[in-house]
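Read the structure below first, then the notes.
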Amino acid sequence: MELESILLPGIDPKRPLVISGPCSAETEEQVMTTAAALKKLGVKIFRAGVWKPRTKPGGFEGHGAEAFPWLKRVKEELGMYIAVEVANVKHVRESLANDVDIIWIGARTTANPFSVQEIADALEGTDIPVLIKNPVNPDVDLWIGAVQRIYKAGIRRIGAIHRGFSSGDNKIYRNLPQWHIPIELHRQIPNLPIICDPSHIGGRRDLIAPICQQAMDLNFDGLIIESHCNPEKAWSDAAQQVSPEVLELILDNIVIRDTKQSTESLAALRRQIDGLDNDLLELLAKRMRVSKEIGVYKKEHNMPILQAQRYDELLKDRIAQAEKMDMSGEFMKTVLMAIHEESVRQQMIIMKNP
Ligand code: PEP
Ligand code: MN
């Protein structure tokens, strides 16, 4: 993909790119007070939900176009860029008509290719930057598909937002981070900037700082953090919004590790890892060959593949050995079970074939 590297003029290229503002634009005063405090911190892109996707009806669903005059004030009086979520063609048209600088596609919308395509068609001929949140379900192809639809509409300033994935098992996080998914997205589209949304991942104020740090350690490009002048009283997502003062603390405490300085010694260490992985693979292949020979023997002597006692002894022995070598027994058990499964699979093939 030939993407433009600068999303908006005047935005500092150094990490992290910061987008902040309330979950929803609630009142003109809330918008102006929050934005003015954020501007003082150096935040240049102000987010505010104008149309809010709510899980159940009855919650605050946003003021819609009524909120645009407030956002216009933020733009004109404070000189900040404005970012708004769009979920359909009408939202796109109204955002464009109201000089929104950057739009994002929400997680529920990204999950639906029909909706993304409609938005892409409405964007044809424009060049507004578009940020695409991951779909609610952990499907990297669906996320990439959404990026491709927007790209095919001619948009060249595209970014991704990682906001975590819905799960029934949300004990700590509101949405599980499943970091391997944005990492895979980055592997497939290396020049696509990825912004982390710790607010929707964590769902709780106290989780924002550690998630920001993790995102920076994983080399994410930016952060989109919900902030509110009076977070406890927010009309939506009150538990996860922070005041601009807390945002300042969070940003000040993030450690940005120097990628350049460490890459040389890292490269040497990585070469060692590559070599060791290679040795591991060779050894595993050798082990499989021996295991196949055992398979042949068992077949000739009409013996069953699985010999439970031997397997049990082997597990216990290796787990004890691993623990002596400073590895967790649980880890060794997982590795051995996976190796055993593959051994059994290979022996089954021998049993079945004449
Ligand atoms: C939001 O950014 O306020 C929002 C609704 O996010 P998501 O689409 O990630 O749920
Ligand atoms: Mn929100």
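The values are calculated or read from the model by the stated rules, or taken from the named source; none is laboratory data. These numbers come from a predicted model, not from an experiment. FYI the Cβ positions are ideal-geometry reconstructions off the backbone, even for glycines, and counts take in every protein chain you see. In case anyone asks, the SASA skips ligands and DNA or RNA and just uses the protein heavy atoms, side chains included. Shrake-Rupley method; radii C 1.70, N 1.55, O 1.52, S 1.80 Å.
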Notebook entry, point to check: Failed condition for Ile189, given (1) within 14 Å of ligand 1 (Cβ to nearest atom); (2) over 12 Å from the mean Cα position of the chain (by Cα), with all others met?
Noted result: (1)
Note to self: I'm trying to understand the selection: among the residues of the range 129-172, which are within 14 Å of ligand 1 (Cβ to nearest atom), among the small types (Gly, Ala, Ser) and over 15 Å from the mean Cα position of the chain (by Cα)?
What the structure shows: none
Note to self: Checking the condition without any contact (Cβ under 8 Å) to a residue 24 or more places away in the chain and surrounded by fewer than 23 Cβ atoms within 10 Å (Cβ to Cβ), which residue from Asp237, Asp206, Asp217 passes?
What the structure shows: Asp206
Next item on the list: Go through the range 85-119 and count every residue that is free of Cβ contacts under 8 Å to residues at least 12 places away in the same chain and within 13 Å of ligand 1 (Cβ to nearest atom).
Entry: 1
Notebook entry, point to check: Out of the range 1-58, which residues are in contact with a helix residue (DSSP H, G or I) (Cβ under 6 Å, 6 or more places away or on another chain) and of a type in the set (Val, Ile, Thr)?
Noted result: Val31, Val50
Check: If we keep just the residues of the range 46-92 that are touching a Phe, Trp or Tyr at 6+ places or on another chain (Cβ under 6 Å) and part of a loop (DSSP other than H, G, I, E, B), which is farthest from ligand 2 (Cβ to nearest atom)?
Finding: Met80
Note to self: Looking at Gly59, Gly64, can you tell me which residue is under 22 Å from Ala97 (Cβ atoms) and within 16 Å of ligand 1 (Cβ to nearest atom)?
What the structure shows: Gly64
Note to self: Within the range 131-146, take every residue that is out of contact with any Leu (no Cβ under 7 Å at 6 or more places or on another chain) and of a type in the set (Val, Ile, Thr) and give me the one that is least open to solvent (accessible area, probe 1.4 Å).
What the structure shows: Ile132
Note to self: Anything in the range 214-245 that is away from ligand 2 (no atom under 11 Å from the Cβ) and charged (D, E, K, R)? List them, or say none.
What the structure shows: Asp217, Asp221, Glu232, Lys233, Glu245
